[in-house]
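Accompanying notes for the structure given below.
The values are calculated or read from the model by the stated rules, or taken from the named source; none is laboratory data. Computed from a predicted structure; not experimentally measured. Every residue, glycine among them, receives a Cβ derived from its backbone with ideal geometry; neighbour counts consider all protein chains shown.
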Amino acid sequence: MLEVAAVSSRYGRIPAIANVDLRVARGELVALVGANGAGKTTLLRVISGVRPATAGKVRFEGSDVTKASPRRRVKMGIVQVPEGRQVFGPLSVEDNLRLGAFVRPAAEVPGALERVFALFPILAAKRREAAGTLSGGQQQMLAIGRGLMTQPKLLLLDEPSMGLAPRIVSEIFAIIRSLKDAATTILLVDQNARAALAIADRAYVLEVGCIALSGSGGELLGNPRVQQAYLGL
């Protein structure tokens, strides 16, 4: 479904990612792990079109989307749930979700809302409340729900467990696993390398903007280099 081929991107003269190759097949959950500043978020932003690639190609379902606008990529089915949740605090939970459906016909929105509310019952209970009054975990559920409102073909999840209590982290990863089980194609970035690798079909390790290792989630969980650098073993 997704092919990133020799992609580089920079901030001014500072390289952020260099010559990155990555593939995601339909129905896969692929994890991308690495230290802070390794370039993980930059890579997601290049895939979603928010940042330009300075070299290489991004292909989605066989089409070259390297220069396509973010809006066009959303219409094609590439949806990013951003780091830090970034919900619209003054707006209601339901209005935040409706904003996620801006590319869908109006007639499809009620059904999409009900599917999100079935996945996140707490959002249904708080649908009229301001998003800014939700807990961090509830805001993360809202951010994921907003992404699902577009009916994405590829869901890019950027640090969904950031800043959350351990119990809520477990709940968020259970939700991600349920999306995987429902055949949602996911590219997951998360600092919780152990949890991300445990649910991943395949994974990549990004170090200083370059792919350093790749393999199945289980293989990387058992890799001594990964264990020492990212799992605290």
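Can you say whether Leu43 is assigned to a helix (DSSP H, G or I), modelled with pLDDT of 95 or more and within 13 Å of the chain's Cα centre (by Cα), as far as the supplied structure shows? For Leu43, the condition - assigned to a helix (DSSP H, G or I), modelled with pLDDT of 95 or more and within 13 Å of the chain's Cα centre (by Cα) - is met. If you go through segment 220-227 one residue at a time, do you hit one that is in a helix (DSSP H, G or I) and small (Gly, Ala, Ser)? Looking for residues that are in a helix (DSSP H, G or I) and small (Gly, Ala, Ser), one finds none in segment 220-227, hence no.
Count of segment 73-100 residues, restricted to those that are without any contact (Cβ under 8 Å) to a residue 60 or more places away in the chain and in contact with a Leu (Cβ under 8 Å, 6 or more places away or on another chain), is 11.
Of the numbered criteria (1) surrounded by 15 or more Cβ atoms within 10 Å (Cβ to Cβ); (2) over 15 Å from the mean Cα position of the chain (by Cα); (3) modelled with pLDDT of 95 or more, the one Gly132 fails is (1).
Report whether or not Val65 is touching a strand residue (DSSP E or B) at 6+ places or on another chain (Cβ under 7 Å) and among the aliphatic types (A, V, I, L, M).
Here the answer is yes, as Val65 does meet what is asked.
If only residues of segment 8-17 that are out of contact with any helix residue (DSSP H, G or I) (no Cβ under 6 Å at 6 or more places or on another chain) and part of a strand (DSSP E or B) are counted, the one that is surrounded by the fewest Cβ atoms within 10 Å (Cβ to Cβ) is Ile14. Looking across segment 135-158, just one residue is among the hydroxyl-bearing types (Ser, Thr, Tyr) and crowded, with 19+ Cβ neighbours inside 10 Å, and that is Thr150. Looking at this structure, is Gly147 in a helix (DSSP H, G or I), at pLDDT below 95 and either in contact with a strand residue (DSSP E or B) (Cβ under 7 Å, 6 or more places away or on another chain) or farther than 23 Å from Leu231 by Cα (or both)? In short, no.
What do you reckon, is Glu94 closer than 16 Å to Gln191 by Cα, among the charged types (D, E, K, R) and surrounded by fewer than 21 Cβ atoms within 10 Å (Cβ to Cβ)?
So Glu94 fails the test.
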